[in-house]
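Only one structure is covered here, and it is reproduced in the block below.
The values are calculated or read from the model by the stated rules, or taken from the named source; none is laboratory data. Values in this document were obtained by computation on a predicted structure and should not be read as measured data. A quick note on method: Cβ atoms are made from the backbone with ideal geometry, for glycine too, and the neighbour counts reach across all protein chains shown.
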Amino acid sequence: MIDSCSQESSPLLSVEAALARIKGAIHPVAGSEKVVLKNALGRVLSESVYSPINIPHERNSAMDGYALSSNSINREQPFTLSLAGTSWAGNSFKEKLQPGQCIRVFTGAVLPDQADSVIMQEQVRADGQAIHFPANAPARQNIREIGEDIMRGSVLCSHPKKLNAIDLGLLASAGIYELAVKRPVKIAFFSTGDELTPVGQPLQPGKIYDSNRYSLSGLLADASHSVTDMGVIADNKQLLEDCLITAAKNHDVIITTGGASVGEADYVREILARCGEVNFWKIAIKPGKPLAFGKIGCSYFFGLPGNPVSTIVTYQHFVAPALKQLSGAPEAKSLQLKATCTSDLKKAPGRQEFQRGILMQDENGDFFAVSSGRQGANILSSLSRANCYIVLPAECNGVQAGDKVRVELILDAEII
Ligand code: AMP
Ligand code: MG
(Lines give C-alpha, C1' and ligand atoms only; values in the text may rest on other atoms or scores of the structure.)
(Ligands and ions follow the chains in the order given, each with its own letter.)
Protein backbone atom coordinates (compact mmCIF):
# COMPACT_ATOMS: atom_id res chain seq x y z
CA MET A 1 0.00 0.00 0.00
CA ILE A 2 1.35 3.41 -0.91
CA ASP A 3 0.57 6.35 1.31
CA SER A 4 -0.95 8.97 -0.89
CA CYS A 5 -0.35 11.61 1.78
CA SER A 6 3.39 11.09 1.82
CA GLN A 7 6.31 11.90 -0.43
CA GLU A 8 7.87 8.56 0.48
CA SER A 9 7.21 5.61 -1.75
CA SER A 10 8.04 2.75 0.66
CA PRO A 11 4.97 0.65 1.46
CA LEU A 12 3.08 1.14 4.72
CA LEU A 13 1.94 -1.83 6.74
CA SER A 14 -1.83 -2.16 7.19
CA VAL A 15 -3.24 -2.05 10.73
CA GLU A 16 -4.16 -5.77 10.56
CA ALA A 17 -0.70 -6.76 9.30
CA ALA A 18 1.01 -4.71 12.02
CA LEU A 19 -1.18 -6.27 14.72
CA ALA A 20 -0.47 -9.74 13.34
CA ARG A 21 3.27 -9.07 13.45
CA ILE A 22 3.07 -7.85 17.04
CA LYS A 23 0.98 -10.86 18.04
CA GLY A 24 3.41 -13.24 16.35
CA ALA A 25 6.43 -11.67 18.04
CA ILE A 26 5.19 -11.48 21.63
CA HIS A 27 5.52 -14.20 24.26
CA PRO A 28 3.66 -13.76 27.56
CA VAL A 29 5.79 -13.31 30.70
CA ALA A 30 6.56 -16.65 32.29
CA GLY A 31 6.90 -15.93 36.02
CA SER A 32 4.18 -15.93 38.63
CA GLU A 33 3.89 -14.81 42.24
CA LYS A 34 1.50 -15.12 45.18
CA VAL A 35 -0.64 -12.16 46.22
CA VAL A 36 -3.21 -11.76 48.95
CA LEU A 37 -6.75 -11.34 47.69
CA LYS A 38 -7.01 -7.64 48.51
CA ASN A 39 -4.02 -6.96 46.24
CA ALA A 40 -5.29 -9.11 43.38
CA LEU A 41 -7.48 -6.57 41.57
CA GLY A 42 -6.40 -6.31 37.92
CA ARG A 43 -3.90 -9.16 38.19
CA VAL A 44 -3.92 -12.11 35.79
CA LEU A 45 -4.43 -15.56 37.30
CA SER A 46 -1.58 -17.97 36.60
CA GLU A 47 -3.59 -20.92 37.94
CA SER A 48 -7.32 -21.57 38.07
CA VAL A 49 -8.84 -21.20 41.53
CA TYR A 50 -11.14 -23.95 42.87
CA SER A 51 -13.58 -23.62 45.71
CA PRO A 52 -12.57 -25.34 48.97
CA ILE A 53 -16.18 -25.15 50.22
CA ASN A 54 -19.75 -25.38 49.02
CA ILE A 55 -21.49 -22.02 48.64
CA PRO A 56 -23.82 -21.78 50.47
CA HIS A 57 -22.11 -24.18 52.82
CA GLU A 58 -25.26 -24.61 54.96
CA ARG A 59 -28.97 -24.53 54.06
CA ASN A 60 -30.35 -21.11 54.86
CA SER A 61 -33.33 -18.86 54.37
CA ALA A 62 -33.66 -16.58 51.33
CA MET A 63 -36.32 -14.47 53.10
CA ASP A 64 -37.46 -13.00 56.37
CA GLY A 65 -40.37 -15.27 57.36
CA TYR A 66 -41.29 -18.55 59.07
CA ALA A 67 -39.69 -21.93 58.43
CA LEU A 68 -41.68 -25.14 58.69
CA SER A 69 -41.79 -28.75 57.57
CA SER A 70 -44.37 -29.19 54.81
CA ASN A 71 -44.72 -32.90 55.80
CA SER A 72 -46.59 -32.06 58.97
CA ILE A 73 -49.33 -29.87 57.49
CA ASN A 74 -52.23 -29.92 55.05
CA ARG A 75 -51.48 -26.90 52.92
CA GLU A 76 -54.88 -26.82 51.19
CA GLN A 77 -56.44 -25.36 54.37
CA PRO A 78 -55.28 -22.39 56.46
CA PHE A 79 -53.21 -23.80 59.33
CA THR A 80 -51.62 -22.67 62.58
CA LEU A 81 -48.24 -23.68 64.02
CA SER A 82 -46.65 -22.82 67.32
CA LEU A 83 -43.52 -20.69 67.37
CA ALA A 84 -40.56 -22.74 68.70
CA GLY A 85 -37.87 -20.04 68.43
CA THR A 86 -35.88 -17.86 66.09
CA SER A 87 -32.99 -18.45 63.70
CA TRP A 88 -30.86 -15.36 63.01
CA ALA A 89 -28.14 -14.95 60.39
CA GLY A 90 -25.06 -15.90 62.39
CA ASN A 91 -27.00 -17.24 65.38
CA SER A 92 -29.08 -20.19 64.30
CA PHE A 93 -31.84 -22.22 65.98
CA LYS A 94 -30.05 -25.34 67.23
CA GLU A 95 -32.95 -27.61 68.17
CA LYS A 96 -35.01 -30.09 66.20
CA LEU A 97 -38.20 -28.72 64.67
CA GLN A 98 -41.10 -30.83 66.05
CA PRO A 99 -44.37 -31.53 64.18
CA GLY A 100 -46.78 -28.62 64.68
CA GLN A 101 -43.97 -26.13 65.14
CA CYS A 102 -42.42 -23.37 63.04
CA ILE A 103 -39.57 -20.93 63.69
CA ARG A 104 -39.07 -17.30 62.91
CA VAL A 105 -36.20 -16.94 60.38
CA PHE A 106 -34.29 -14.06 58.86
CA THR A 107 -32.47 -13.89 55.54
CA GLY A 108 -29.27 -15.94 55.70
CA ALA A 109 -30.30 -17.82 58.89
CA VAL A 110 -29.30 -21.50 58.89
CA LEU A 111 -32.36 -23.81 58.94
CA PRO A 112 -32.95 -26.95 60.99
CA ASP A 113 -32.81 -30.14 58.85
CA GLN A 114 -36.56 -30.68 59.25
CA ALA A 115 -37.51 -27.30 57.71
CA ASP A 116 -38.12 -27.49 53.96
CA SER A 117 -40.17 -24.31 53.41
CA VAL A 118 -39.94 -20.65 54.34
CA ILE A 119 -43.15 -18.64 54.12
CA MET A 120 -42.69 -14.89 53.68
CA GLN A 121 -43.60 -12.87 56.77
CA GLU A 122 -46.03 -10.78 54.68
CA GLN A 123 -48.24 -13.89 54.19
CA VAL A 124 -48.41 -14.80 57.87
CA ARG A 125 -50.32 -13.47 60.90
CA ALA A 126 -48.60 -13.80 64.26
CA ASP A 127 -50.70 -13.94 67.41
CA GLY A 128 -48.28 -14.44 70.30
CA GLN A 129 -46.86 -17.94 69.93
CA ALA A 130 -49.58 -18.94 67.43
CA ILE A 131 -48.57 -18.35 63.82
CA HIS A 132 -51.42 -18.45 61.29
CA PHE A 133 -50.62 -19.43 57.69
CA PRO A 134 -52.95 -19.02 54.70
CA ALA A 135 -54.22 -21.89 52.52
CA ASN A 136 -51.94 -22.90 49.66
CA ALA A 137 -48.83 -21.40 51.24
CA PRO A 138 -46.05 -22.39 48.79
CA ALA A 139 -43.97 -25.37 49.95
CA ARG A 140 -40.25 -25.91 49.36
CA GLN A 141 -39.65 -22.25 48.54
CA ASN A 142 -37.25 -19.56 49.71
CA ILE A 143 -34.51 -21.94 50.74
CA ARG A 144 -30.91 -21.61 49.61
CA GLU A 145 -29.58 -25.11 49.12
CA ILE A 146 -26.01 -26.23 49.91
CA GLY A 147 -23.75 -25.65 46.88
CA GLU A 148 -26.47 -24.08 44.73
CA ASP A 149 -24.05 -21.27 43.80
CA ILE A 150 -20.72 -23.13 43.82
CA MET A 151 -20.01 -26.82 44.54
CA ARG A 152 -16.89 -27.64 46.55
CA GLY A 153 -14.03 -28.41 44.10
CA SER A 154 -15.58 -26.54 41.18
CA VAL A 155 -13.78 -23.69 39.46
CA LEU A 156 -14.29 -20.17 40.82
CA CYS A 157 -12.14 -18.27 38.30
CA SER A 158 -10.23 -19.83 35.43
CA HIS A 159 -6.64 -19.13 34.47
CA PRO A 160 -5.79 -16.71 32.82
CA LYS A 161 -8.62 -14.41 33.85
CA LYS A 162 -7.77 -10.81 34.71
CA LEU A 163 -9.47 -10.33 38.06
CA ASN A 164 -12.11 -7.64 38.47
CA ALA A 165 -13.98 -6.41 41.54
CA ILE A 166 -16.73 -9.03 41.10
CA ASP A 167 -14.16 -11.84 40.96
CA LEU A 168 -12.64 -10.60 44.24
CA GLY A 169 -16.08 -10.86 45.83
CA LEU A 170 -16.60 -14.36 44.48
CA LEU A 171 -13.16 -15.53 45.64
CA ALA A 172 -13.72 -13.99 49.08
CA SER A 173 -17.06 -15.79 49.38
CA ALA A 174 -15.11 -19.06 49.13
CA GLY A 175 -12.56 -17.89 51.70
CA ILE A 176 -9.66 -17.62 49.24
CA TYR A 177 -6.92 -15.67 51.03
CA GLU A 178 -3.99 -15.89 48.64
CA LEU A 179 -3.66 -16.77 44.95
CA ALA A 180 -1.09 -17.21 42.17
CA VAL A 181 -0.93 -14.48 39.54
CA LYS A 182 1.37 -13.66 36.64
CA ARG A 183 4.22 -11.39 37.55
CA PRO A 184 3.69 -7.81 36.34
CA VAL A 185 4.99 -6.73 32.94
CA LYS A 186 8.00 -4.43 33.49
CA ILE A 187 7.68 -1.34 31.33
CA ALA A 188 10.04 1.64 30.93
CA PHE A 189 9.00 4.76 29.07
CA PHE A 190 10.44 8.15 28.21
CA SER A 191 9.83 11.16 26.02
CA THR A 192 12.42 12.38 23.53
CA GLY A 193 12.88 15.91 22.25
CA ASP A 194 15.05 18.96 22.91
CA GLU A 195 11.91 21.10 23.04
CA LEU A 196 10.31 19.28 25.97
CA THR A 197 9.90 20.90 29.38
CA PRO A 198 8.49 19.00 32.35
CA VAL A 199 5.39 20.57 33.91
CA GLY A 200 6.21 22.66 36.97
CA GLN A 201 8.92 24.64 35.16
CA PRO A 202 8.52 27.93 33.28
CA LEU A 203 8.33 27.61 29.50
CA GLN A 204 11.32 29.13 27.67
CA PRO A 205 11.06 30.34 24.05
CA GLY A 206 10.99 27.47 21.56
CA LYS A 207 9.98 24.94 24.19
CA ILE A 208 6.72 23.10 24.86
CA TYR A 209 5.46 21.12 27.80
CA ASP A 210 5.94 17.36 27.69
CA SER A 211 2.38 16.06 27.59
CA ASN A 212 3.02 12.55 26.29
CA ARG A 213 4.53 11.27 29.51
CA TYR A 214 1.38 12.24 31.35
CA SER A 215 -0.94 10.59 28.82
CA LEU A 216 1.24 7.51 28.84
CA SER A 217 1.54 7.21 32.59
CA GLY A 218 -2.27 7.34 32.76
CA LEU A 219 -2.70 4.83 29.95
CA LEU A 220 -0.14 2.51 31.54
CA ALA A 221 -1.80 2.55 34.96
CA ASP A 222 -2.74 -1.11 35.43
CA ALA A 223 -2.13 -3.56 38.25
CA SER A 224 -0.51 -5.97 35.74
CA HIS A 225 2.16 -3.40 34.88
CA SER A 226 5.23 -2.30 36.79
CA VAL A 227 6.13 1.04 35.22
CA THR A 228 9.36 3.08 35.23
CA ASP A 229 9.10 6.71 34.07
CA MET A 230 12.57 7.60 32.72
CA GLY A 231 11.70 11.26 32.11
CA VAL A 232 12.66 13.36 29.08
CA ILE A 233 15.72 12.45 27.02
CA ALA A 234 17.26 15.07 24.71
CA ASP A 235 17.68 14.51 20.96
CA ASN A 236 21.19 13.17 21.40
CA LYS A 237 22.07 9.93 19.68
CA GLN A 238 24.49 8.67 22.34
CA LEU A 239 22.19 9.56 25.21
CA LEU A 240 19.21 7.87 23.57
CA GLU A 241 21.22 4.76 22.81
CA ASP A 242 22.52 4.57 26.40
CA CYS A 243 18.99 4.98 27.77
CA LEU A 244 17.55 2.29 25.51
CA ILE A 245 20.32 -0.16 26.36
CA THR A 246 20.00 0.53 30.10
CA ALA A 247 16.21 0.15 29.99
CA ALA A 248 16.47 -3.09 28.01
CA LYS A 249 18.47 -4.73 30.82
CA ASN A 250 15.57 -4.97 33.24
CA HIS A 251 12.33 -4.26 31.39
CA ASP A 252 10.10 -6.40 29.22
CA VAL A 253 8.96 -3.40 27.20
CA ILE A 254 10.38 0.01 26.35
CA ILE A 255 8.09 2.72 25.04
CA THR A 256 9.41 6.03 23.71
CA THR A 257 7.57 8.96 22.20
CA GLY A 258 8.97 11.29 19.55
CA GLY A 259 11.96 10.95 17.32
CA ALA A 260 10.43 8.12 15.33
CA SER A 261 9.74 10.00 12.10
CA VAL A 262 12.26 11.00 9.46
CA GLY A 263 13.37 14.42 10.72
CA GLU A 264 17.05 15.30 11.16
CA ALA A 265 16.88 14.67 14.90
CA ASP A 266 14.73 11.54 14.72
CA TYR A 267 17.28 8.96 15.83
CA VAL A 268 15.08 6.30 17.36
CA ARG A 269 14.71 4.06 14.33
CA GLU A 270 18.38 4.38 13.45
CA ILE A 271 19.40 3.31 16.97
CA LEU A 272 16.88 0.48 16.93
CA ALA A 273 18.32 -0.77 13.63
CA ARG A 274 21.86 -0.62 14.99
CA CYS A 275 21.35 -1.93 18.53
CA GLY A 276 18.31 -4.16 18.09
CA GLU A 277 15.87 -5.40 15.47
CA VAL A 278 13.30 -3.35 13.57
CA ASN A 279 10.13 -5.34 12.89
CA PHE A 280 8.29 -2.44 11.27
CA TRP A 281 8.29 1.31 11.56
CA LYS A 282 5.55 2.72 9.38
CA ILE A 283 1.88 1.88 9.45
CA ALA A 284 -0.97 2.91 7.18
CA ILE A 285 -2.87 4.79 9.87
CA LYS A 286 -3.69 8.38 10.64
CA PRO A 287 -2.75 9.75 13.03
CA GLY A 288 0.35 7.76 13.93
CA LYS A 289 2.13 6.62 10.78
CA PRO A 290 5.73 6.53 12.11
CA LEU A 291 5.28 3.79 14.72
CA ALA A 292 8.36 1.65 15.25
CA PHE A 293 8.18 -1.86 16.66
CA GLY A 294 11.12 -4.11 17.34
CA LYS A 295 13.40 -5.55 20.02
CA ILE A 296 16.35 -4.25 21.97
CA GLY A 297 18.05 -7.13 23.76
CA CYS A 298 15.23 -9.14 25.32
CA SER A 299 12.87 -6.12 25.50
CA TYR A 300 10.09 -5.34 23.08
CA PHE A 301 10.37 -1.81 21.80
CA PHE A 302 7.62 0.59 20.73
CA GLY A 303 8.71 3.94 19.33
CA LEU A 304 5.56 6.03 19.27
CA PRO A 305 5.27 9.19 17.20
CA GLY A 306 5.65 12.41 19.17
CA ASN A 307 2.47 14.21 18.22
CA PRO A 308 0.26 13.90 21.31
CA VAL A 309 -2.79 12.43 19.52
CA SER A 310 -0.59 10.01 17.55
CA THR A 311 1.02 8.83 20.80
CA ILE A 312 -2.35 8.01 22.32
CA VAL A 313 -3.90 6.45 19.20
CA THR A 314 -0.90 4.19 18.57
CA TYR A 315 -0.65 3.25 22.24
CA GLN A 316 -4.29 2.24 22.39
CA HIS A 317 -4.35 0.30 19.15
CA PHE A 318 -0.93 -1.40 19.12
CA VAL A 319 0.81 -1.18 22.49
CA ALA A 320 -2.20 -1.92 24.71
CA PRO A 321 -3.02 -5.25 22.97
CA ALA A 322 0.67 -6.18 23.09
CA LEU A 323 0.87 -5.48 26.83
CA LYS A 324 -2.28 -7.50 27.38
CA GLN A 325 -0.77 -10.44 25.52
CA LEU A 326 2.47 -10.08 27.49
CA SER A 327 0.60 -10.02 30.79
CA GLY A 328 -0.91 -13.39 29.91
CA ALA A 329 -4.49 -12.06 29.90
CA PRO A 330 -6.83 -13.56 27.30
CA GLU A 331 -7.23 -11.77 23.99
CA ALA A 332 -10.41 -9.72 23.75
CA LYS A 333 -12.06 -7.82 20.96
CA SER A 334 -12.87 -4.18 21.61
CA LEU A 335 -16.52 -3.21 21.35
CA GLN A 336 -17.35 -1.66 17.98
CA LEU A 337 -20.66 -0.03 17.15
CA LYS A 338 -22.34 1.19 13.98
CA ALA A 339 -23.50 4.79 14.13
CA THR A 340 -24.97 7.30 11.75
CA CYS A 341 -22.48 10.06 11.13
CA THR A 342 -24.12 13.47 11.42
CA SER A 343 -21.22 15.47 9.95
CA ASP A 344 -19.21 15.26 6.72
CA LEU A 345 -15.73 13.85 7.34
CA LYS A 346 -12.81 14.56 5.02
CA LYS A 347 -10.50 11.67 4.20
CA ALA A 348 -8.12 10.65 1.42
CA PRO A 349 -7.78 6.96 0.53
CA GLY A 350 -4.61 5.22 1.70
CA ARG A 351 -4.51 5.05 5.49
CA GLN A 352 -6.99 3.81 8.11
CA GLU A 353 -8.07 6.80 10.15
CA PHE A 354 -9.11 7.11 13.76
CA GLN A 355 -11.04 10.37 13.75
CA ARG A 356 -12.11 11.83 17.04
CA GLY A 357 -15.86 11.85 17.54
CA ILE A 358 -18.69 12.27 19.97
CA LEU A 359 -21.08 9.33 20.17
CA MET A 360 -24.68 9.85 21.23
CA GLN A 361 -27.58 7.47 21.68
CA ASP A 362 -31.19 8.56 21.15
CA GLU A 363 -34.31 7.35 22.97
CA ASN A 364 -34.72 4.48 20.43
CA GLY A 365 -31.24 3.22 21.22
CA ASP A 366 -29.83 4.34 17.84
CA PHE A 367 -26.27 5.68 17.76
CA PHE A 368 -25.13 8.94 16.16
CA ALA A 369 -21.57 10.20 15.83
CA VAL A 370 -20.25 13.66 15.09
CA SER A 371 -16.69 14.92 14.68
CA SER A 372 -15.34 16.35 17.96
CA GLY A 373 -13.39 19.06 16.14
CA ARG A 374 -10.11 19.63 14.33
CA GLN A 375 -8.29 16.41 13.52
CA GLY A 376 -4.62 17.44 13.39
CA ALA A 377 -2.27 15.03 15.20
CA ASN A 378 -1.28 17.90 17.53
CA ILE A 379 -4.89 18.82 18.49
CA LEU A 380 -5.22 17.11 21.85
CA SER A 381 -8.30 19.13 22.87
CA SER A 382 -10.53 17.39 20.30
CA LEU A 383 -9.38 14.02 21.66
CA SER A 384 -10.09 15.10 25.22
CA ARG A 385 -13.62 16.17 24.14
CA ALA A 386 -14.20 12.94 22.20
CA ASN A 387 -15.75 9.79 23.59
CA CYS A 388 -15.15 7.65 20.49
CA TYR A 389 -12.95 7.07 17.51
CA ILE A 390 -14.75 7.07 14.18
CA VAL A 391 -12.82 4.33 12.40
CA LEU A 392 -12.55 4.93 8.66
CA PRO A 393 -11.06 2.08 6.57
CA ALA A 394 -7.99 2.73 4.44
CA GLU A 395 -9.92 2.77 1.16
CA CYS A 396 -12.59 5.23 2.39
CA ASN A 397 -12.48 8.58 0.63
CA GLY A 398 -14.65 10.59 2.98
CA VAL A 399 -17.97 10.42 4.76
CA GLN A 400 -21.13 12.38 4.11
CA ALA A 401 -23.60 13.25 6.82
CA GLY A 402 -26.10 10.37 7.04
CA ASP A 403 -23.53 7.63 6.21
CA LYS A 404 -23.05 4.74 8.62
CA VAL A 405 -19.64 4.62 10.33
CA ARG A 406 -17.86 2.23 12.67
CA VAL A 407 -17.04 3.67 16.11
CA GLU A 408 -14.97 2.51 19.07
CA LEU A 409 -15.37 3.88 22.57
CA ILE A 410 -12.32 5.64 23.99
CA LEU A 411 -11.21 4.23 27.35
CA ASP A 412 -14.10 4.30 29.84
CA ALA A 413 -15.86 7.13 28.00
CA GLU A 414 -19.56 7.59 28.59
CA ILE A 415 -22.08 7.89 25.77
CA ILE A 416 -24.21 11.02 25.84
P1 AMP B 1 8.69 13.99 16.66
O2 AMP B 1 8.01 12.66 16.54
O3 AMP B 1 9.79 13.99 17.67
O4 AMP B 1 9.14 14.46 15.31
O5 AMP B 1 7.62 15.01 17.20
C6 AMP B 1 6.46 15.34 16.45
C7 AMP B 1 5.72 16.49 17.12
O8 AMP B 1 5.29 16.08 18.40
C9 AMP B 1 6.57 17.73 17.35
O10 AMP B 1 5.76 18.87 17.15
C11 AMP B 1 6.98 17.61 18.79
O12 AMP B 1 7.29 18.86 19.40
C13 AMP B 1 5.75 17.00 19.41
N14 AMP B 1 6.10 16.24 20.60
C15 AMP B 1 7.06 15.30 20.67
N16 AMP B 1 7.13 14.78 21.90
C17 AMP B 1 6.18 15.41 22.63
C18 AMP B 1 5.77 15.33 23.98
N19 AMP B 1 6.36 14.46 24.83
N20 AMP B 1 4.76 16.11 24.41
C21 AMP B 1 4.18 16.97 23.55
N22 AMP B 1 4.51 17.09 22.26
C23 AMP B 1 5.52 16.34 21.79
MG1 MG C 1 11.29 15.11 18.36
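Condition (residue is more than 16 Å from ligand 1 (Cβ to nearest atom) and of a type outside the set (Asp, Glu)) applied to the range 304-315: is it met by at least one residue?
no
Testing ASP222 on (1) touching a residue at least 24 places away in the same chain (Cβ under 8 Å); (2) crowded, with 18+ Cβ neighbours inside 10 Å; (3) within 16 Å of ligand 2 (Cβ to nearest atom), one condition comes back false. Which one is that?
All conditions pass for ASP222, except number (3).
May I ask you to verify whether ILE187 is crowded, with 16+ Cβ neighbours inside 10 Å, more than 16 Å from ligand 2 (Cβ to nearest atom), modelled with pLDDT of 95 or more and over 20 Å from the mean Cα position of the chain (by Cα)? Working first, answer last.
Values: crowded, with 16+ Cβ neighbours inside 10 Å: yes; more than 16 Å from ligand 2 (Cβ to nearest atom): yes; modelled with pLDDT of 95 or more: yes; over 20 Å from the mean Cα position of the chain (by Cα): no.
No: the conditions fail for ILE187.
Residue-wise test of (1) closer than 30 Å to PRO349 by Cβ; (2) of a type in the set (A, V, I, L, M); (3) touching a strand residue (DSSP E or B) at 6+ places or on another chain (Cβ under 7 Å).
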site: ALA17; (1), (2), (3): yes, yes, no
site: PRO52; (1), (2), (3): no, no, no
site: TYR66; (1), (2), (3): no, no, yes
site: SER70; (1), (2), (3): no, no, yes
site: SER87; (1), (2), (3): no, no, yes
site: PRO99; (1), (2), (3): no, no, no
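A quick yes/no check of all residues on (1) assigned to a loop (DSSP other than H, G, I, E, B); (2) within 30 Å of ALA40 (Cα to Cα):
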{"position": "LYS94", "(1), (2)": "yes, no"}
{"position": "ILE103", "(1), (2)": "no, no"}
{"position": "VAL118", "(1), (2)": "no, no"}
{"position": "HIS132", "(1), (2)": "no, no"}
{"position": "ARG140", "(1), (2)": "yes, no"}
{"position": "ASP167", "(1), (2)": "no, yes"}
{"position": "LEU170", "(1), (2)": "no, yes"}
{"position": "ILE176", "(1), (2)": "yes, yes"}
{"position": "VAL181", "(1), (2)": "no, yes"}
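Quickly run through the range 263-289 and pick out the residues that are within 11 Å of ligand 2 (Cβ to nearest atom) and part of a loop (DSSP other than H, G, I, E, B). Before the answer, list the steps.
We begin by selecting, within the range 263-289, every residue within 11 Å of ligand 2 (Cβ to nearest atom); these are 263-268.
Once the filter is applied, which keeps residues that are within 11 Å of ligand 2 (Cβ to nearest atom) and part of a loop (DSSP other than H, G, I, E, B), the range 263-289 yields GLY263, GLU264, ALA265, ASP266, TYR267.
State whether one or more residues within the range 327-338 are away from ligand 2 (no atom under 16 Å from the Cβ), assigned to a helix (DSSP H, G or I) and not basic (Lys, Arg).
Taking the range 327-338 and keeping what is away from ligand 2 (no atom under 16 Å from the Cβ), we get 327-338.
With assigned to a helix (DSSP H, G or I) added as a condition, the list becomes 327.
After this cut, where a residue has to be not basic (Lys, Arg) as well, the list is 327.
Among the residues of the range 327-338, at least one is away from ligand 2 (no atom under 16 Å from the Cβ), assigned to a helix (DSSP H, G or I) and not basic (Lys, Arg), which makes the answer yes.
Can you work out which of the residues in the range 26-52 that are among the hydrophobic types (A, V, I, L, M, F, W, C) and surrounded by fewer than 16 Cβ atoms within 10 Å (Cβ to Cβ) is nearest to the chain's Cα centre (by Cα)? Full working, then the answer.
Filtering the range 26-52 for residues among the hydrophobic types (A, V, I, L, M, F, W, C) gives 26, 29-30, 35-37, 40-41, 44-45, 49.
Filter once more, keeping what is surrounded by fewer than 16 Cβ atoms within 10 Å (Cβ to Cβ): 30, 36, 41.
Details: ALA30: 21, VAL36: 21, LEU41: 11 Å.
Only one residue fits best here, namely LEU41.
I'd like the full set of residues that are free of Cβ contacts under 8 Å to residues at least 60 places away in the same chain and over 16 Å from ASP344 (Cα atoms), limited to the range 389-407.
Filtering the range 389-407 for residues free of Cβ contacts under 8 Å to residues at least 60 places away in the same chain gives 390-393, 395-400.
Selection gives GLU395 alone.
Using the structure shown, decide if GLY306 is in contact (Cβ under 8 Å) with a residue 60 or more places away in the chain, at negative phi and outside any helix (DSSP H, G or I). Write out each step before concluding.
Numbers: in contact (Cβ under 8 Å) with a residue 60 or more places away in the chain: yes; at negative phi: yes; outside any helix (DSSP H, G or I): yes.
Spelling it out, GLY306 is indeed in contact (Cβ under 8 Å) with a residue 60 or more places away in the chain, at negative phi and outside any helix (DSSP H, G or I).
Checking ILE208 against (1) under 22 Å from ALA322 (Cα atoms); (2) in contact with a strand residue (DSSP E or B) (Cβ under 9 Å, 6 or more places away or on another chain): exactly one of these is not met. Which one?
So the condition that ILE208 fails would be (1).
Test THR314 against the stated conditions and say whether it is within 16 Å of ligand 2 (Cβ to nearest atom), among the hydroxyl-bearing types (Ser, Thr, Tyr) and modelled with pLDDT of 95 or more. Give the derivation first.
Working: within 16 Å of ligand 2 (Cβ to nearest atom): yes; among the hydroxyl-bearing types (Ser, Thr, Tyr): yes; modelled with pLDDT of 95 or more: yes.
Yes; evaluated as a whole, the condition is true for this residue.
Quick test of your reading of the structure: ASN397 fulfils all but one of (1) exposed (fewer than 13 other Cβ atoms within 10 Å of the Cβ); (2) in contact with a Ser or Thr (Cβ under 7 Å, 6 or more places away or on another chain); (3) closer than 25 Å to SER14 by Cβ. Name the failing condition by number.
So ASN397 meets the others, but not (2).
So, of the residues in the range 363-406 that are under 28 Å from the mean Cα position of the chain (by Cα) and of a type in the set (Asp, Glu), which turns out to be farthest from GLY288 (Cα to Cα)?
Applying the filter and picking the extreme gives GLU363.
Provide a single number: the residues in the range 247-262 that are within 12 Å of ligand 2 (Cβ to nearest atom) and part of a loop (DSSP other than H, G, I, E, B).
Here the count works out to 5.
If you take the residues of the range 373-393 that are within 18 Å of PRO305 (Cβ to Cβ) and of a type in the set (A, V, I, L, M, F, W, C), which of them is surrounded by the most Cβ atoms within 10 Å (Cβ to Cβ)?
LEU383
Quick one: in the range 190-230, of everything that is of a type in the set (Ser, Thr, Tyr), near ligand 1 (Cβ under 10 Å from one of its atoms) and not in a loop (DSSP other than H, G, I, E, B), which residue is nearest to VAL268 (Cα to Cα)? Quick ask: steps written out before the conclusion?
Narrowing the range 190-230 to residues of a type in the set (Ser, Thr, Tyr): 191-192, 197, 209, 211, 214-215, 217, 224, 226, 228.
Restricting the remaining residues to those that are near ligand 1 (Cβ under 10 Å from one of its atoms) gives 191-192, 197, 209, 211, 214-215.
Within this subset, residues satisfying the condition of being not in a loop (DSSP other than H, G, I, E, B) are 191-192, 197, 209, 214-215.
Details: SER191: 11, THR192: 9, THR197: 20, TYR209: 21, TYR214: 20, SER215: 20 Å.
Ranking the candidates gives THR192 first.
Of the numbered conditions (1) of a type in the set (S, T, N, Q); (2) at pLDDT below 95; (3) within 12 Å of ligand 1 (Cβ to nearest atom), THR256 fails exactly one; give the number of that condition.
Checking THR256 against (1) of a type in the set (S, T, N, Q); (2) at pLDDT below 95; (3) within 12 Å of ligand 1 (Cβ to nearest atom), the one that fails is (2).
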